[in-house]
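Here is the structure we will look at.
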Amino acid sequence: MTRFVTRREFLNLVGAVGGSSAALRAGSALGLLPVTKTAKALDLFALGTNSKKVAILGGGLSGLTVAYELGKRGYECTILEASHRCGGRVFTVRNGDLIDEIGNRHYCEFDDEPHMYFNGGAARIPSFHNNLLAYCKELDVELEVFVGENNNAYFQDDALLGGKPVRIKDYKTNVRGFLGEMLAKSMSEQEMNEPFTELEAENLLSIIHSFGDLREGGEYTGSSRSGYKTGGFTTHGVQKDLIEFRDLLKSRLGGRIMTASEGEQGPPLLQAKDGMDNIIAGFLRVVGQEVKYRAMVSAINVTNNGVEITYDQDGVRHSLNVDYCFNCIPTHLITGLDHNFPADYVKAMKYVRRGDAYKAAFQAKERFWEKEDIYGGITRMNNRSSSIWYPSGGIHKNKGVILAAYNFQGGLYHTNMTQEERIESHIKDGERVHPNYRSLVEKPVTIAWHRMNHMLGCAARWNRSRSGWTAEEQLMFDTLQKPVNGRHYVVGDQITVHVAWMESAIQSAHWAMEDLDKRVRAELA
Amino acid sequence: MLILPWMKANAAEENGSYDDRYCTTCHGADGRGNYGVQAPRLAGMEPWYLQRQLENFRAGLRGVHPSDIEGIAMRPMATKLTDESIADIIEWVGSWDYVSTENPYRR
């Protein structure tokens, strides 16, 4: 049986749970975002006439960072990359590119134009990821704004207004209006127990009124913030009808819609112009000649004096003896190599699980979203495809590439489908928002990270409980972060507590190189 | 974008014919097996047995039970294989000598 509560009862409920509704706290709350120090140049010892050899296993962002920085100090680096390309999960697909999913290898058939690309992995750079941004500047990688937040994009949920897509601005404006009205009425009707000054009370009311776009008296009767029904330029605007509060509350996704563009995914975001792998290309302009492609490591033997690597390339087994090894092979694949790592190190590698993020994209035959006032940004859907991303670049060109699905947590749902089933699923989901979707899109690509060759998974998952890291997990992390014999370092975003960001891969590499530097200085300086 | 030769493996190779010899990504170096992804050892197994398993995965006789997590992961890797590519894989994998999966702690 559904029990109804009145608004007043609801407010009392809020008060009972949260203490006085006007509980004021002094001081500022600390942000929850990881703090990135201002990027500083790494202070590493330059070898001069000394010689040191380094093997870098995997040409992802952490490995390239190591090659770039140690190369500057005179280390002789060799990068062994198992696949046909560098970049790892910094992966941009364009015309002719191979998507090397085991069991579903396919090629990208987008038109061959600079703006026709899809970032199948890393796609956003928060403006406080300073080390990454510093490398972009240093390596001449052109950046542009990534439009993530677009209030003209849609929110679609079958539970909401009969499944009719709602502009995000309409959803947000109306929710804020009703929340504001509730707050304003609680301010005016409830006795103030807390010692507000008159000015504080006045300012708070002003914030509430402004938050909800309320009328005098604290009432919400609709707002022009989400635009007019008609007119507004040469004729007076006619206000849209408000969406009733009860209708807004039908969707379980409301909270996500209200905050989707906040925190690390909040504006301003950046991206590399013409594809995120231009960051990789920037590093390769400096260290590209040190890369051996399709060179698959088969054994790692750490000795007292260095590391012996064995790898296969072109059907031939090679060996490479080095002083130091930086290894960004995914931990769950390192365990399949012939190695002599200590038991606690191996235990940690075996413990780490992998995410199963999944993305898909279509080439659009025309930029149909621009006809609906949408330029960049993200439509959010309460279905398995979850999102449609409209491109930030290529505005007003004939065609564009859109993200058709992004399932970060539950990617195995699509991963376990055939390519045909995946595509049909994204078309059906997209039709809920854009009725002619099926006829407007073509040339799909799908990126199922759980099955990508040489990676077999997305970001590392260290902690298995929602309540955070256990002491045992922290111990395993600390073990794997430290080098074996001072010679072998595991790097990558997998050796951070903030996986799945490029900045994390870089900071992991920096941590390892600074640790190495202490040892090298002790020996040579 | 200007593609310089060292920025990728040979482009012709990327678009050329591509075999299905993927096994070592999951099953470890030399097919020793990988406990990190619960992939069994292939090295030293009889060719007829390996072929039977690939055919069973392809036909949906293996890798379909809901509690067989690893089998479900394996199945799609086999569904697209042709008889010819199974023969090619078996010629490759079936010739591997036995190597042990777990490495003893040797330091």
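Checking the structure you have, find out if any residue of the range A:328-338 is part of a strand (DSSP E or B), at negative phi and in contact (Cβ under 8 Å) with a residue 40 or more places away in the chain.
Just the residues of the range A:328-338 that are part of a strand (DSSP E or B), to begin with: A:338.
Narrowing further to those that are at negative phi: A:338.
Next cut, in contact (Cβ under 8 Å) with a residue 40 or more places away in the chain only: A:338.
Yes, the conditions are met somewhere in the range A:328-338.
Matching residues to (1) within 13 Å of chain B (Cβ to nearest Cβ); (2) open to solvent by 10 Å² or more (accessible area, probe 1.4 Å); (3) touching a strand residue (DSSP E or B) at 6+ places or on another chain (Cβ under 9 Å):
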{"residue": "A:ASN304", "(1), (2), (3)": "yes, yes, no"}
{"residue": "A:ARG317", "(1), (2), (3)": "yes, yes, yes"}
{"residue": "A:CYS325", "(1), (2), (3)": "no, no, yes"}
{"residue": "A:HIS332", "(1), (2), (3)": "yes, no, yes"}
{"residue": "A:LEU337", "(1), (2), (3)": "yes, yes, yes"}
{"residue": "A:TYR351", "(1), (2), (3)": "yes, yes, no"}
{"residue": "A:ALA360", "(1), (2), (3)": "no, no, yes"}
{"residue": "A:LYS371", "(1), (2), (3)": "no, yes, no"}
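Looking only at residues that are within 15 Å of A:ILE402 (Cα to Cα) and within 25 Å of the chain's Cα centre (by Cα) in the range A:442-451, which one is surrounded by the most Cβ atoms within 10 Å (Cβ to Cβ)? Even if it seems obvious, please write down each step before you answer.
Of the range A:442-451, the ones within 15 Å of A:ILE402 (Cα to Cα) are A:442-447.
Applying the additional criterion that residues be within 25 Å of the chain's Cα centre (by Cα) yields A:443-447.
Values: A:LYS443: 17, A:PRO444: 20, A:VAL445: 23, A:THR446: 22, A:ILE447: 25.
By that ranking, first place goes to A:ILE447.
Only a single item in (1) without any contact (Cβ under 8 Å) to a residue 12 or more places away in the chain; (2) aliphatic (A, V, I, L, M); (3) not in a loop (DSSP other than H, G, I, E, B) is not met by A:MET417, and it is number (3). Taking the conditions (1) in contact with a Ser or Thr (Cβ under 8 Å, 6 or more places away or on another chain); (2) within 23 Å of A:LEU456 (Cα to Cα); (3) more than 11 Å from chain B (Cβ to nearest Cβ) in turn, A:GLU308 satisfies each one other than (2).
Please go through the range A:452-472 and pick out each residue that is surrounded by fewer than 18 Cβ atoms within 10 Å (Cβ to Cβ) and in contact with a Phe, Trp or Tyr (Cβ under 6 Å, 6 or more places away or on another chain). Full working, then the answer.
Just the residues of the range A:452-472 that are surrounded by fewer than 18 Cβ atoms within 10 Å (Cβ to Cβ), to begin with: A:461, A:463-472.
Of everything in the range A:452-472, just one residue is surrounded by fewer than 18 Cβ atoms within 10 Å (Cβ to Cβ) and in contact with a Phe, Trp or Tyr (Cβ under 6 Å, 6 or more places away or on another chain), namely A:ASN463.
Scanning the range A:90-135 for residues being part of a loop (DSSP other than H, G, I, E, B) and out of contact with any helix residue (DSSP H, G or I) (no Cβ under 7 Å at 6 or more places or on another chain) gives a total of 21.
So that you can scan it fast, the table gives a plain yes or no per residue for (1) away from chain B (no Cβ under 14 Å); (2) open to solvent by 30 Å² or more (accessible area, probe 1.4 Å):
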| site | (1), (2) |
| --- | --- |
| A:LEU248 | yes, no |
| A:ARG252 | yes, yes |
| A:ILE257 | yes, no |
| A:ARG285 | no, yes |
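Is it true that A:ALA448 is among the hydrophobic types (A, V, I, L, M, F, W, C), under 14 Å from A:MET349 (Cβ atoms) and within 14 Å of another protein chain (Cβ to nearest Cβ)? Answer is no for this residue. Can you name the residue in the range B:39-83 that is of a type in the set (Ser, Thr, Tyr) and in a loop (DSSP other than H, G, I, E, B) and, of all such residues, is farthest from the other protein chains (Cβ to nearest Cβ)? So, considering only residues that are of a type in the set (Ser, Thr, Tyr) and in a loop (DSSP other than H, G, I, E, B), the one farthest from the other protein chains (Cβ to nearest Cβ) is B:SER67. Restricted to strands (runs of 3 or more DSSP E) entirely inside the range A:213-310, those with at least 1 residues that are modelled with pLDDT of 95 or more and within 30 Å of A:VAL322 (Cβ to Cβ) are A:295-302.
The values are calculated or read from the model by the stated rules, or taken from the named source; none is laboratory data. Keep in mind it's a predicted model, so treat the numbers as computed, not measured. Quick reminder, even Gly has a Cβ in these numbers, built from the backbone with ideal geometry, and neighbours come from all protein chains shown. Quick note on the areas: whole protein, heavy atoms, side chains included, nothing else; ligands and nucleic acids left out. Shrake-Rupley method; radii C 1.70, N 1.55, O 1.52, S 1.80 Å.
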